[in-house]
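Written below as structure tokens is the structure these notes are about.
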Amino acid sequence: MTSHASNRARVVPLRPAEEAPAAGAKEPLWRHVVGDVLRRERLAQERTLKDVADAARISMPYLSELERGRKEASSEVLAAAAHALGLTLADLLTLAQGELVRLASAGRGGSTVTSLRAPVARRQGEVRLAA
């Protein structure tokens, strides 16, 4: 006679439970950060999705999906959206990188960040995050 206990699979965790990251400590996805930057810029300029989508020559639903972080855009699409907002691709990526740095520092004990929507300041063609 064979015991049923010997037929059970043994589960070995890949990492101990105490090393698992906290539920709120997940890093944001790049597409979410870039989408938030695009939306923040569009709203700061008081422009509609349709206006920016038409200027970028992309569909309005696709731009909406980008802003909500549901689509991974190609560099060509990101450049078109950035240009439609009066930014270069480098400006867009710099703003997104600044958001990631800010979020990473908040995750290491800095202030709690509840939103990626920080104001953007422009001075003589320079794009930077406002303090």
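Take Gly69 and decide whether it is in contact (Cβ under 8 Å) with a residue 24 or more places away in the chain, surrounded by fewer than 20 Cβ atoms within 10 Å (Cβ to Cβ), part of a helix (DSSP H, G or I) and not aromatic (Phe, Trp, Tyr). Spelling it out, it is not the case that Gly69 is in contact (Cβ under 8 Å) with a residue 24 or more places away in the chain, surrounded by fewer than 20 Cβ atoms within 10 Å (Cβ to Cβ), part of a helix (DSSP H, G or I) and not aromatic (Phe, Trp, Tyr).
From the set of residues in segment 33-54 that are within 17 Å of Ser74 (Cβ to Cβ) and under 8 Å from the mean Cα position of the chain (by Cα), which is surrounded by the most Cβ atoms within 10 Å (Cβ to Cβ)? Top of the filtered list is Val37. Residue check: Ser59 meets all listed conditions (1) modelled with pLDDT under 60; (2) surrounded by 11 or more Cβ atoms within 10 Å (Cβ to Cβ); (3) of a type in the set (Gly, Ala, Ser) but one, namely (1). Residue check: Pro28 meets all listed conditions (1) surrounded by fewer than 15 Cβ atoms within 10 Å (Cβ to Cβ); (2) at pLDDT below 95; (3) in a loop (DSSP other than H, G, I, E, B) but one, namely (1).
Checking the structure you have, find out if any residue of segment 86-105 is more than 18 Å from Val33 (Cα to Cα), part of a helix (DSSP H, G or I) and open to solvent by 60 Å² or more (accessible area, probe 1.4 Å). Lay out the reasoning, then the answer.
Here is the first cut: in segment 86-105, the ones more than 18 Å from Val33 (Cα to Cα) are 86.
With part of a helix (DSSP H, G or I) added as a condition, the list becomes none.
Checked against the condition, which is being more than 18 Å from Val33 (Cα to Cα), part of a helix (DSSP H, G or I) and open to solvent by 60 Å² or more (accessible area, probe 1.4 Å), segment 86-105 yields no hits at all.
The values are calculated or read from the model by the stated rules, or taken from the named source; none is laboratory data. Values in this document were obtained by computation on a predicted structure and should not be read as measured data. Note: ideal-geometry Cβ built from the backbone for every residue, glycine included; neighbour counts use all protein chains shown. Side chains are part of the model used for accessible areas, which takes the heavy atoms of the whole protein and leaves out ligands, DNA and RNA. Shrake-Rupley method; radii C 1.70, N 1.55, O 1.52, S 1.80 Å.
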